[in-house]
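Data first, discussion second: the structure below is written as structure tokens.
The values are calculated or read from the model by the stated rules, or taken from the named source; none is laboratory data. Bear in mind the structure is a predicted one, so any value in this text is a computation, not a measurement. Here the Cβ positions follow ideal geometry from the backbone for every residue, glycine too, while neighbour counts run over all protein chains shown.
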Amino acid sequence: MSSESVSRVAEAAPMSPISGPRKWIPAILVALGLLLIVIALPDAANRERLGFGYILGFAFLWTVVLGSLFFVVLQHLTSAIWSVAIRRVAEMIAAPMWLLIPLVLPLLAFVIWPDAFKVFPWADASLVENDALLIQKRAYLNVPFFVIRALGFIGLWVLFTRYFVGKSLKQDQGVGGVKATLSMRKVSGPFTVIFAATSTLAGFDWLMSLNPHWFSTMFGVYIFSGMVVSALSAIIIGTVLLRRAGLLGQGVVSSDHLYNLGCLLFAFVSFWGYIAFSQYMLIWYANIPEESFYFVHRLQGGWYNVSVALALVRFAIPFLILLPRRAKSNERTLLGVSFLMLAGQLLDLYWIVMPELHKAGPALGWQEFGPSLLVTGLAIGYYSRFLRRNSALAVGDPLLEESRHMEL
């Protein structure tokens with residue numbers, strides 16, 4: 001890429017789109033989230049609701065940042081050129097992976113002190129002793145192994161995030177160049193294998209083990225599909241907003257780039273619908289009580305309406321909206337659908353997590369909102385800081401000039 005082109009696209013950054021009174025939004029969200037968490041802790045009933053709400057907020061952040069890292073690595077794995085112009089947005093969203101280290105500590109507290117939070121039934125030794133199935137699962141579902149796995153998974157994700165994002169940022173400073181690009185391509189293969197194993201097991205640990213009597217061999221793929229949809233949605237939102245703010249330069253990100261993102265979102269919305277239906281259909285067809293009770297619970301009472309809403313929000317509505325070719329490159333349409341899909345991810349996680357607490361039907365209280373406000377504020381604050389310090393474009397990538405001139 002020529003030095004003239006680099007200077008031209010770099011004019012827009014570093015700079016934060018969150019300025020003026022809006023710069024206080026992350027701090028307000030964090031403060032409000034912490035306040036609600038502190039208020040909920042002394043009371044046992046509130047503390048239990050807080051525990052499940054915390055898993056919801058933590059899982060939302062985890063799926064978005066890890067899904068964004070997967071997107072980054074996928075571009076290196078396939079030697080994609082078109083995505084270089086928008087890859088930094090995905091790197092930015094993946095960058096706060098390190099936040100999972102302090103944020104996972106409450107999850108570890110839930111299993112270390114099960115009587116205080118009552119979130120993971122298998123962590124209660126008195127319950128396990130009287131449950132034949134949990135006794136058989138004790139070799140995997142035990143507190144020390146759970147803690148080791150959680151810290152190990154996050155440690156690996158943080159290391160790979162620092163590697164991929166760090167090398168990309170160093171390219172902006174003229175370090176690495178083509179060698180760095182080739183190096184990231186070589187590492188992308190091993191990471192993909194590690195990602196598949198760790199993300200699946202983390203889904204089992206942090207979400208499926210909330211009901212340790214249920215199992216599904218498709219649950220890992222189900223979590224993966226929702227993870228990619230939510231990450232793509234966040235990347236599209238970031239790309240559109242930064243493009244409107246002028247932080248992606250003039251004419252760098254075109255409608256063709258948006259079209260590719262729209263096609264990917266459409267593909268993974270369809271993939272999520274396929275996996276969700278396949279998991280349900282296979283369990284319904286087999287009609288084995290050990291498997292089917294999970295869906296029976298979610299198709300009764302107030303949870304039936306949530307199940308229907310989930311199918312509409314996460315599949316039917318975005319599928320129909322994105323079906324026309326023009327919709328996949330329309331900025332306003334993509335922005336609206338992406339916000340809808342992030343809301344759908346929250347609804348999906350609520351559908352997974354909360355029936356284990358609210359048996360009769362859905363219920364929302366202030367106790368559940370604290371953790372989500374906290375992680376949202378932390379993420380927004382980090383992204384604002386990232387944009388103040390770094391370019392919103394991978395200006396040092398040798399393929400950026402080719403990417404900006406990509407045409408379908």
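For this structure, a couple of remarks:
- Selection count, region 377-408, where residues are part of a helix (DSSP H, G or I), touching an Asp or Glu at 6+ places or on another chain (Cβ under 9 Å) and β-branched (Val, Ile, Thr): 0
- Some residue of region 166-180 being closer than 30 Å to Val269 by Cα, out of contact with any Cys (no Cβ under 8 Å at 6 or more places or on another chain) and in a helix (DSSP H, G or I): yes
- Residue identified as surrounded by fewer than 23 Cβ atoms within 10 Å (Cβ to Cβ), of a type in the set (Gly, Ala, Ser) and under 30 Å from Ile288 (Cα atoms) among Ser254, Ser216: Ser216
- Residues considered: Ser403, Ser338, Ser372. Of these, the only one that is modelled with pLDDT under 95, farther than 30 Å from Trp122 by Cα and among the hydroxyl-bearing types (Ser, Thr, Tyr) is Ser403.
- The listed residue being out of contact with any His (no Cβ under 9 Å at 6 or more places or on another chain), touching a residue at least 24 places away in the same chain (Cβ under 8 Å) and not charged (D, E, K, R), out of Leu364, Leu299, Leu322, Leu312: Leu322
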